[in-house]
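First comes the structure, then the notes that go with it.
Values in this text are rule-based calculations from the coordinates and carry no lab data. Computed from a predicted structure; not experimentally measured. Here the Cβ positions follow ideal geometry from the backbone for every residue, glycine too, while neighbour counts run over all protein chains shown.
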């Protein structure tokens with residue numbers, strides 16, 4: 001009788017990939033995305049930092065000037081106006097989040113005609129920002145615009161119209177941007193409401209929770225993922241607000257509606273001078289502002305998930 005060992009019954013030796021297939025496969029799917037993200041996002045970011053240290057017109061030889069472009073920003077009145085306008089965008093644009101939540105709560109009901117209402121509220125999200133800009137330009141027109149006629153009925157008047165008044169122009173453009181942004185937040189919250197645990201809602205009702213208490217203590221905590229995405233997308237949209245300004249005012253009147261993204265375009269790519277280094281310095285400032293807010297929300301989300309474990 002021959003002696004047999006366990007090794008005699010083992011099959012052919014498997015390759016390293018076969019032994020680690022479950023652990024390795026997710027990384028194989030991630031590699032193409034990480035590669036393109038690095039090439040088209042990370043590399044241009046570092047390239048912008050590098051260009052901001054030079055005086056360059058985009059064609060000729062670049063001259064290294066160090067932090068001179070950033071020093072010039074401190075004395076640039078147009079940059080100051082653009083920065084303050086961006087802060088206005090950032091604060092007021094966040095109104096889209098609670099507005100989207102309220103609309104989604106209204107639409108998350110089973111009543112006759114609710115699909116029609118959803119379509120009407122969803123419509124601004126699917127149309128182009130260019131169309132939104134044109135529609136609101138006509139809406140604000142000082143001669144035939146509906147807005148002008150409505151405020152005229154109550155005895156109010158904006159000198160030069162909304163888009164021609166240096167004080168009112170930024171708020172008018174922000175209002176135009178809030179229209180599609182609120183629709184986007186509404187869609188996020190409608191999706192989140194479908195994932196709300198009905199058992200928690202029923203348990204809260206048995207405990208006497210209703211109205212604002214139900215919303216604040218039961219519904220909103222379950223909507224944190226949707227709220228996080230809404231915050232990030234809204235902040236990014238507010239800081240890179242370019243298209244509406246380009247369509248509605250082109251930075252006017254007197255440059256009072258400029259934001260950092262549009263001012264960067266003017267300095268780097270428009271007829272104002274092809275100052276690539278200066279435009280890159282503005283882009284770096286805008287990127288750092290955006291990075292601070294997004295890093296804060298990512299850190300807050302991480303801390304919450306860490307505490308929940």
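Key figures
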{"read-out": "Residues 248, 290 arranged by fewest to most Cβ contacts within 10 Å", "value": "290, 248"}
{"read-out": "Theoretical gain in end-to-end length, residue 203 to residue 125 [0.36 nm per residue, Cα-Cα removed]", "value": "24.5 nm"}
{"read-out": "Highest-MSF residue in the chain out of 178, 206, 269 [GNM, Cα springs under 10 Å]", "value": "206"}
{"read-out": "Options (1) -0.47, -1.26; (2) -0.55, -1.35; (3) -0.37, -1.45 - which one matches log10 I(q)/I(0) by the Debye sum over Cα atoms at q = 0.08, 0.16 Å⁻¹ as calculated here", "value": "(2)"}
{"read-out": "The chain, relative contact order in percent, only Cα pairs under 8 angstrom and at least six apart counted", "value": "27"}
{"read-out": "Part-to-part distance (alpha-carbon centres) for the stretch 30-90 and the stretch 113-145, which is given in Å", "value": "33"}
{"read-out": "Full-stretch length increase - residue 70, residue 291 - with 0.36 nm per residue and alpha-carbon distance subtracted", "value": "77.8 nm"}
{"read-out": "Value of relative contact order over the stretch 1-147, rounded to a whole percent, pairs C-alpha under 8 Å and six or more apart", "value": "6"}
{"read-out": "Value of relative contact order over the stretch 61-159, rounded to a whole percent, pairs C-alpha under 8 Å and six or more apart", "value": "7"}
{"read-out": "Cα-based helix-to-principal-axis angle, 96-107 vs the chain, degrees rounded to 10", "value": "70"}
{"read-out": "Angle in degrees between helix 21-37 and the longest Cα principal axis of the chain, rounded to the nearest 10", "value": "20"}
{"read-out": "Rounded Å value of the spacing that divides the Cα centres of the stretch 155-199 and the stretch 214-277", "value": "13"}
{"read-out": "Cα-based helix-to-principal-axis angle, 276-308 vs the chain, degrees rounded to 10", "value": "50"}
{"read-out": "Residues 205, 258 arranged by fewest to most Cβ contacts within 10 Å", "value": "205, 258"}
{"read-out": "Hydrodynamic radius of the stretch 34-92 per Kirkwood, over alpha carbon pairs, in Å", "value": "13.9"}
{"read-out": "Fewest-first sequence of 264, 186, 214 by Cβ atoms within 10 Å of each Cβ", "value": "214, 264, 186"}
{"read-out": "Calculated [θ] (222 nm, deg cm²/dmol) that DSSP helices of n ≥ 4 give over the chain, each run adding -39,500 (n - 2.57)", "value": "-20000 deg cm²/dmol"}
